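Report on the structure given below.
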Amino acid sequence: LSKSPLSDDELYLLGWYLADGSLTPTGQLKITIGTPDDIAAGKRLMRIIHKIVEDHPTQWHAGCGAKNGNGLRIAKHRVSLIEHPTAACANVTTTNKWLADWLWYWGGKASHKRIAPELMEYSGLAPLVVGFFEGDGSQKNTRSALSAVQKQHGILYDLQRALWDSGVWATMSSKVNRCGQMMLHIGAPWVNTLLDIFPGEKFRYVRDHA
């Protein structure tokens, strides 16, 4: 398999979007993170998003903003990390049409998320997996194993395949509830292998890591 056309940072952002992101029709992106555990990830997402929207400013023919040489207007981009006043969470937000189209292409609309089939033809998708697990997974306090539960079975099966392609063993199982959820599980011996490839911002190595 050839290397993914997306950078590690782009894959990490895509993983977070698939796990816990939403998009409005106008292109407003919101990614919800937990606090205080996910603040480092939130700040990293802000840096990644800021770079993307700076390189691809939204343009339109009416409204307010700084005019460019062609008579169009360029939106002044803003990337925010806003903590919720009562709940233990925060939102990373921005509005950018190019970024929205990019996320829709690679990750699907918010109500029908999926990993673009062409992306699954490439290697090097570990940052996508780490971003997804940071957004929608958990690490056991005792054995340090990782698990993620989802109704979107297709996403989990694609992530399992991406893990296998990266040399990381992962298993799927049915979650015993009425929601039809599945669980993707990475055992403790394989967590270190994944974090050696892409450490991310949230998860810890298994204690006996050399």
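The values are calculated or read from the model by the stated rules, or taken from the named source; none is laboratory data. Keep in mind that this is a model prediction, so the values were computed, not measured. Counting neighbours? That spans all protein chains shown, and the Cβs are built from the backbone with ideal geometry, glycine included. We work out accessible area using only protein heavy atoms, side chains counted, and drop any ligands, DNA or RNA first. Shrake-Rupley method; radii C 1.70, N 1.55, O 1.52, S 1.80 Å.
Taking every DSSP beta bridge with both residues inside the chain, roughly what % is antiparallel (nearest 5)?
95 percent
Using helices alone, what [θ] at 222 nm do you get for the chain, with -39,500 (n - 2.57) per DSSP H run of 4 or more residues, divided over all residues and rounded to the nearest 500? Each step should come with its number before you reach the end.
Details: 6 runs with 75 residues, N = 210.
Mean residue ellipticity at 222 nm (helix-derived): -11000 deg cm²/dmol.
Using the Cβ-Cβ distance between MET120 and THR86 with R0 = 25 Å, the FRET efficiency computed as 1/(1 + (r/R0)^6) comes to roughly 0.05. What region 134-209 shows is 55 Å² of accessible area per residue, with the surface traced by a 1.4 Å probe over protein heavy atoms.
Computed about the Cα centre, the dipole magnitude for region 156-202 is approximately 300 debye when only Lys and Arg (+1) and Asp and Glu (-1) carry charge, each at its Cβ. Normalised by the number of residues in the chain, the average gap of Cα pairs under 8 Å and 6 or more apart makes the relative contact order 23 percent.
With 22 Å as the limit on Cα-Cα distance, the pairs of LYS3/LYS43; LYS3/LYS140; LYS140/LYS175 that go past it are LYS3/LYS43; LYS3/LYS140.
Between the residues GLY187, GLY200, THR94, the greatest Cα displacement towards the positive end of the dipole of the chain, with unit charges on the Cβ of Lys, Arg, Asp and Glu, is found for THR94. Straight-line reach from LYS109: taking Cα to Cα under 16 Å and skipping same-chain neighbours fewer than 8 places apart, the lysines in range are LYS30, LYS97, LYS151. Between region 83-101 and region 127-144, the alpha-carbon centres lie 20 Å apart.
Stick to the Cα atoms of region 141-206, pair each with every other, and give me the Kirkwood hydrodynamic radius in Å at one decimal.
12.4 Å
Rounding to the nearest 10 and keeping the result within 0 to 90°, find how far the Cα-based axis of helix 188-197 lies from the longest principal axis of the chain. That helix lies at roughly 40 degrees to the long axis.
A simple spin-label model places the labels of GLN28 and SER173 4.1 nm from each other, with each point 7 Å out along Cα-to-Cβ.
Wrap a convex hull around the Cα atoms of region 1-58, take a quarter of its surface area, and give that in square nanometres.
Values: hull surface 20.3 nm².
Taking a quarter of the hull surface, the average projection is 5.1 nm².
Taking only protein heavy atoms and a 1.4 Å probe, the accessible area of the chain is 53% carbon and sulfur.
Please calculate how many Å² of accessible area region 1-62 carries per residue, with a 1.4 Å probe and no DNA, RNA or ligand atoms counted.
On the way: 2960 Å² over 62 residues.
Roughly 48 Å² per residue, with all protein chains present.
For the chain, the Kirkwood hydrodynamic radius from C-alpha pairs, put into Stokes-Einstein at 25 °C and a viscosity of 0.890 mPa s, yields a diffusion coefficient of 136 µm² per second.
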